[in-house]
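A.B. asks: I am attaching a structure below and will ask some questions about it afterwards.
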Amino acid sequence: MRKTKPRRSVVKLNLSLAVGPYDRTRALIDGSVQIDGVTPVCMTLSPEEIFFRAFRKAEFDICELSLSSFTVKTAMGNCPYVGVPAFVSRAFRHTSIYVRTDRIKKPSDLKGKKIGLPEYQLTANVWARAILEDDHGVKPSDIHWVRGGIENADRPEKISIKLPADVKLEDAPKGKSISALLAEGAIDGFIAPRPPSLPKNTPNVGWLFPDPVAAAKDYFKRTGIFPIMHIVGVRRELADKHPWLPGAVLKAFEQAKSLALAQLSDTSATKVTLPFIEERLGEARALMGEDFWSYGVASNRKTLETFLRHHHAQGLSSRLVSVDEMFHPGTYESFKL
């Protein structure tokens with residue numbers, strides 16, 4: 001009787017994966033989409049925790065990364081991650097600028113005023129400052145910046161930065177959050193990816209742009225830019241050892257996003273606990289095209305170049321970083337039938 005050889009088991013890489021719990025990452029988290037060659041240990045964490053742990057100690061093998069922090073470290077030449085152009089977080093940051101409405105009526109009123117922020121180098125703040133400068137002539141050096149936590153009084157920058165001499169940045173008074181400073185009128189405004197934490201019905205605090213959605217739509221019509229907040233990173237030593245890995249990661253994130261959009265488009269039973277999703281989806285596609293949340297370098301080069309130019313001009317990157325040094329070469333092309 002002929003003996004059959006035992007089948008060899010397929011060995012996969014056991015890698016940690018840390019991302020936010022978004023619809024576009026859900027299929028990776030629940031396992032309905034797999035990363036080729038990888039058995040993932042998935043962690044769904046807040047962006048703040050992921051970034052802190054990734055840039056302090058490179059704790060994760062594959063993870064969501066702040067575009068700004070990634071650029072700072074890339075410019076320094078010591079980034080522990082290589083980029084994958086899966087842009088899991090994007091947002092128009094007109095909604096991120098809050099002001100004392102009893103003092104600030106228009107963007108130019110910000111000149112000479114005190115504006116709070118949780119960290120100077122946050123990606124949302126880079127984009128907000130770019131909007132203020134490009135569209136309204138308000139430069140970073142025109143503002144007196146006050147750094148502090150949104151809710152907790154003390155919050156340091158994740159990574160050390162050295163700002164231009166003409167940029168005024170001070171820490172909030174000890175024991176004071178920037179939300180508290182805004183509520184009591186000690187600062188004139190607030191820029192952050194999250195809204196200020198204020199008592200209900202706090203008077204004289206509101207958006208700088210009274211209709212931020214209209215302002216964002218106008219911005220997109222003029223520029224074609226849908227701001228990128230977060231990218232995906234693969235630990236550099238892993239990418240060097242397994243050059244196929246970044247491409248496999250991009251493929252999986254693309255598949256997960258496509259599945260999320262298919263589910264969002266299925267109106268037989270709404271997948272999001274919010275009315276008028278079908279209408280909002282149609283509006284987004286009419287304004288921004290079918291692939292309105294695109295991944296990949298080619299379709300996002302202008303957006304990335306705009307960000308990198310402002311990041312350097314704002315003094316956050318020590319040199320002007322190019323788009324093509326950010327992403328692994330294995331993520332530029334993909335197999336097509």
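Nothing in this text is a laboratory measurement; each read-out follows from the coordinates by a stated rule. These figures come from a predicted structure and were not determined experimentally. All Cβ positions, glycine included, derive from the backbone under ideal geometry; neighbour counts span all protein chains shown.
A.B. asks: Which distance in nm do the two modelled labels at Asp23 and Arg222 give, with both placed 7 Å along the Cα-to-Cβ direction?
C.D. replies: For Asp23 paired with Arg222, the spin-label model returns 3.0 nm.
A.B. asks: How many nm separate the modelled label positions at Glu237 and Ser334, each set 7 Å beyond the Cα in the direction of the Cβ?
C.D. replies: Inter-label distance under the simple model: 3.0 nm.
A.B. asks: In addition: Using only DSSP helix segments of four residues or longer, with each worth -39500 (n - 2.57), what per-residue ellipticity at 222 nm results for the chain after dividing by its residue count and rounding to 500? Could the numbers behind the result be given before it?
C.D. replies: Numbers: 10 runs with 111 residues, N = 337.
Result for the chain, helices only: -10000 deg cm²/dmol.
A.B. asks: Please work out the C-alpha center-to-center distance from segment 287-325 to segment 125-204 and express it in whole Å.
C.D. replies: Between the Cα centres of segment 287-325 and segment 125-204 lies a distance of 24 Å.
A.B. asks: Rank-order 119-126, 302-309, 28-35 by packing density, defined as the average count of other C-beta atoms within 10 Å over each peptide's residues, highest first. Numbers along the way, then the final one.
C.D. replies: Numbers: 119-126: 24.6, 302-309: 18.4, 28-35: 16.2.
Ranking, from highest mean packing down: 119-126, 302-309, 28-35.
A.B. asks: What translational diffusion coefficient, to the nearest whole µm²/s, does segment 178-305 have by Stokes-Einstein, given a Kirkwood radius computed over alpha-carbon pairs, a temperature of 4 °C and 1.567 mPa s viscosity? Show your work: numbers first, answer last.
C.D. replies: Numbers: Rh = 18.6 Å.
Value of D from the Cα-based Kirkwood radius: 70 µm²/s.
A.B. asks: Highest first, please rank the peptides 138-147, 103-112 by the mean number of other Cβ atoms sitting within 10 Å of their residues. Walk me through the intermediate numbers first.
C.D. replies: Details: 138-147: 19.5, 103-112: 14.7.
Result, highest mean Cβ count within 10 Å first: 138-147, 103-112.
A.B. asks: So how strong a dipole does the chain carry about its Cα centre when Lys and Arg Cβ are +1 and Asp and Glu Cβ are -1, to the nearest 20 debye? Present the calculation step by step, with values, prior to reporting the outcome.
C.D. replies: Details: 48 positive and 38 negative charges, 178 e Å.
For the chain, the charge dipole is close to 860 debye.
A.B. asks: Also, I was wondering about something else. Jot down the per residue volume, in cubic angstrom and as a whole number, of the convex hull over the alpha-carbon atoms of segment 1-143. All intermediate terms of the calculation are to be shown ahead of the outcome.
C.D. replies: Working: hull volume 21.8 nm³, N = 143.
Dividing the Cα hull volume of segment 1-143 by its residues yields 153 Å³.
A.B. asks: In Å, what Kirkwood hydrodynamic radius results for the chain from the alpha-carbon pair distances?
C.D. replies: Result for the chain, one decimal place: 21.4 Å.
A.B. asks: Pairs Lys106/Lys221; Lys73/Lys114; Lys217/Lys302; Lys73/Lys111; Lys105/Lys162; Lys106/Lys158: which exceed 23 Å Cα-Cα?
C.D. replies: Lys73/Lys114; Lys73/Lys111; Lys105/Lys162; Lys106/Lys158
A.B. asks: What is the calculated FRET efficiency for His312 to Ala58, with r their C-beta to C-beta distance and R₀ = 30 Å, to the nearest 0.05? List each step's numbers first, then the result.
C.D. replies: Details: r = 24 Å, r/R0 = 0.81.
E(calc), rounded to 0.05, equals 0.80.
A.B. asks: What is the packing order of peptides 60-67, 129-136, taking the mean over residues of other C-beta atoms within 10 Å and listing the highest first? Before the final figure, lay out the partial values.
C.D. replies: Values: 60-67: 26.0, 129-136: 19.5.
Result, highest mean Cβ count within 10 Å first: 60-67, 129-136.
A.B. asks: Modelled label-to-label distance, Asp291 and Lys271, 7 Å Cα→beta-carbon offset: nm?
C.D. replies: 1.9 nm
A.B. asks: Do you know the relative contact order of segment 93-223, to the nearest whole percent, from alpha carbon pairs under 8 angstrom that are 6+ apart? Don't skip to the end; give the middle numbers.
C.D. replies: Details: 238 pairs, mean separation 50.4, N = 131.
Taking the mean separation of contacting Cα pairs over the length of segment 93-223, I get 38 percent.
A.B. asks: Farthest toward the dipole's positive end in segment 46-139, which of Leu132, Ser96, Gly77, given Cβ charges of +1 (Lys, Arg) and -1 (Asp, Glu) about the Cα centre?
C.D. replies: With unit charges placed on the Cβ atoms, the residue in question is Leu132.
A.B. asks: Based on the alpha carbons, how large is the Rg to Rh ratio for segment 93-223 when Rh follows Kirkwood? Walk me through the numbers before you get to the answer.
C.D. replies: Numbers: Rg = 13.9 Å, Rh = 14.8 Å.
Reported Rg/Rh, Kirkwood definition of Rh: 0.94.
A.B. asks: For segment 166-235, what does the equivalent ellipsoid look like in terms of its semi-axes, each the square root of 5 times an eigenvalue of the Cα gyration tensor, given largest first in whole Å?
C.D. replies: Details: eigenvalues 152, 81, 34 Å².
Gyration-tensor ellipsoid for segment 166-235: 28, 20, 13 Å.
A.B. asks: In whole angstrom, how far apart do the alpha carbon centroids of segment 214-231 and segment 27-69 sit?
C.D. replies: Between the Cα centres of segment 214-231 and segment 27-69 lies a distance of 26 Å.
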